[in-house]
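Note sheet for the following structure.
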Ligand code: GCO
Ligand code: MG
């Protein structure tokens, strides 16, 4: 294997579950030895594809795929301008694929290369949803019956959708009212706790939609309901407010799906302002930086809860799983659920049983792609509607 080189890098675009997914396939000079990675930035998939095809592919061809650290560092620095979502996702696709190749060469699953198992399966949280409290409670109870111990609750849209009256002539958009949302969440948890008690872990995603002082207020209001965590209470642009939240409330805080740059998470971790780091690992550059981040968090008693939405490929979910299995400070994994179509496109999807996701013992990441199946589900170039969000008076606000 000493003369092994990368001889091709392919970008595969597919949307089997309706979300645009970006997959990287790194091929080597050894026939049938290739690796797969997730580079999904669903809203700008073509920009990521360009970064891979036009820049990373020529940068990588001829290089030794075993030199993961050197490739990660040099690809990150070669563009000089760095830490943005497009280039980080592109690099993540390559990085995961290189770990996949290394595992295949070693004949070991990636979690073995990263230190070995700390646990057999990773606990996941599911998304319970309902338009009203009754349907939400039903959804929570369904997940409980299926054996889930961690359940995230979301009732309707983010605040009084439909009841908002903007000024005449206001532009169309996804309207929401953050104040109404803040008022509704404690009421929602009061009802749910009354119904299901305290033996189950409940969570909520604020989706960075609140003004800082409303987030402080909400975290205090939620104390009686003993949440497992309050997710992404503020945007990355509002980091200094996390100290205020911490000083005023003991509700555990999870943060980070929008993070790109290590400078965003460093102060929150070192200053003890969050309890869970929930970065989107393709958004920070893949397994290499994510394993370093997990180890760094361990020293500060911060647990991991990586972002696992629908717009993440099963290869990305698999990368999480390998990290979750071998990191002692793993907390919980967000689990959106995989459709049958996804399982057909990605043979080897992880199995889920009674609230835990299990890895397999295949070498590498242990997941493949069926390119013919993938081609049946073209990506969409429509702009996402939910990110065209507006507040009560029709002003554009970030979602
Ligand atoms: C979550 C999320 C996502 C994001 C999505 C953006 O799962 O917690 O907030 O659903 O909105 O990944 O594309
Ligand atoms: Mg979220």
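Bear in mind that the values in this text are calculations on the coordinates, not laboratory data. Fair warning: this is a prediction, and the values are worked out from it, not measured in the lab. Using ideal geometry, Cβ is built from the backbone for each residue, glycine included, and neighbour counts are taken over all protein chains shown.
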Sort 40, 381 so that the residue with the fewest other Cβ atoms within 10 Å of its own Cβ comes first and the one with the most comes last. 381, 40
Can you tell me the relative contact order of the range 149-218? Whole percent, Cα pairs under 8 Å, sequence separation 6 or more. 48
Once you place label points 7 Å from the Cα toward the Cβ at residue 298 and residue 163, how far apart are they in nm? 4.8
Can you sort 298, 54 from fewest to most other Cβ atoms within 10 Å of each residue's own Cβ? 54, 298
How much mean residue ellipticity at 222 nm does the chain get from its helices, if each DSSP H run of length 4 or more adds -39500 (n - 2.57) and you divide by all residues, to the nearest 500 deg cm²/dmol? -10500 deg cm²/dmol
Contact order normalised by length for the chain, with contacts defined as Cα pairs under 8 Å and 6 or more residues apart; what percent is it? 22
Quick one: 150, 336, fewest Cβ neighbours within 10 Å first, how do they rank? 336, 150
For 210-220, 133-143, 228-238, 75-85, ranked highest to lowest by mean beta-carbon neighbours within 10 Å, the order is 228-238, 210-220, 133-143, 75-85
With a/c under 1.5 counting as rounded, go ahead and sort the range 6-108 into rounded, prolate or oblate using the C-alpha gyration tensor (a ≥ b ≥ c being the square roots of the eigenvalues; past the cut-off, prolate if a/b is larger than b/c, else oblate). oblate
Checking 313, 250, 327 against a Gaussian network model of the chain (alpha-carbon springs below 10 Å), the top fluctuating residue turns out to be 250
Cα centroid of the range 320-345 to Cα centroid of the range 88-142, whole Å: 2
Among beta bridges assigned by DSSP with both residues in the chain, the antiparallel ones amount in percent, to the nearest 5, to 45
